[in-house]
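Visitor: Mind looking over this structure? Questions follow.
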Amino acid sequence: MSSRATTFAAFGTAVALLTVTACSSASTGTASSPGSTVPAAATSSPDDGAPPGAEVLGRPRTGEPFRLTLGSTAEQRPDEFEITVEKVTCGESLDPEVLAHAADSVGEPTANPTPEDGKQFCVLSMEVLNVGKSEAVWSLDETVTLNVDDTAYSQSQSDAVYAREYADYWSEKGETGPSYGLNPGSKGPEHGVFQIPAADEPTTLWFASSRLLETFDGPEPGYLVQLNPAR
């Protein structure tokens, strides 16, 4: 993978064309040539990225809003959010304005964070709208994974700190996100920071419809957001 950043956005994603070359004659058919490619759909599953056994509630694409309902008891209303994934950007450094704001907040310079050896940062940007009946708080910690096919990556402890720095930065700019709490009808930005191998490209995001990815009863249901064109 080149060092140039790769951005997976709602519109403008290039669709790869898979070409299979076949030779045939009037009397006999022959197999594909050694250089032919087999469509990925033949070997992949539409549920790749979802925890094994989890119920997939929907497969929205980047830019398509979906409703996430969290928790419901006889004494408490559920928290309900409309989430729209805007983009996932990989291969770049973290936003320098966010890092500068974090440095100013603690009163000392902060070194530019670098990913683990052999990995790259991927920054998830989304918009979250509270469509519930009361103020609600939500963050990506323990509830969202960035996936490369069927391999899931969660935010590490340091990644979660970087994500909170994004939340602080945007809150200071007057755009409070759900990690600070949103009133009904209010919306704001939310960001996630993940690390995946430098040679890989993410394919999906998994959003658990719960406060945890998994409970004692097994994996929670959720939404599998498609970052790439259907294969």
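The values are calculated or read from the model by the stated rules, or taken from the named source; none is laboratory data. It should be emphasised that the depicted structure is a prediction, and the values quoted were computed from it without experimental measurement. No Cβ is skipped: glycine too gets one built from the backbone with ideal geometry, and neighbour counts run over all protein chains shown. SASA here: full protein model, heavy atoms, side chains in, ligands and nucleic acids out. Shrake-Rupley method; radii C 1.70, N 1.55, O 1.52, S 1.80 Å.
Visitor: Sticking with the crude label model, points 7 Å out along Cα→Cβ, report the distance from D217 to D48 in nm, one decimal please.
Guide: The answer from the label model is 3.1 nm.
Visitor: A follow-up question, please. Hey, what do the phi angles of region 139-145 turn into as Karplus ³J(HN,Hα) couplings, whole Hz, using 6.51/-1.76/1.60 and θ = phi - 60°, x for Gly and Pro?
Guide: 9, 7, 3, 6, 10, 10, 10
Visitor: Taking only protein heavy atoms and a 1.4 Å probe, what accessible area per residue, in Å², does region 138-197 have with all protein chains in place? Show your work: numbers first, answer last.
Guide: Working: 2600 Å² over 60 residues.
Per residue, region 138-197 has an accessible area of 43 Å².
Visitor: A further question follows. Once the piece of chain linking E172 and E142 is laid out straight, how much longer is it, given 0.36 nm per residue of separation minus the C-alpha distance between them? Write down the numbers at each step before the final one.
Guide: On the way: separation 30, 0.36 × 30 = 10.80 nm, distance 2.51 nm.
Length gained between E172 and E142: 8.3 nm.
Visitor: Beyond 26 Å, how much of the Cα-Cα pair distribution for region 78-217 remains, as a whole percent?
Guide: Working: 2418 of 9730 pairs.
Percent of Cα pairs beyond 26 Å in region 78-217: 25.
Visitor: Mind listing the long-range amide H neighbours of T204? Cut-off is under 5 Å, sequence gap 5 or more, other chains count too, H placed in the peptide plane at 1.01 Å from N.
Guide: N147, D149, L227
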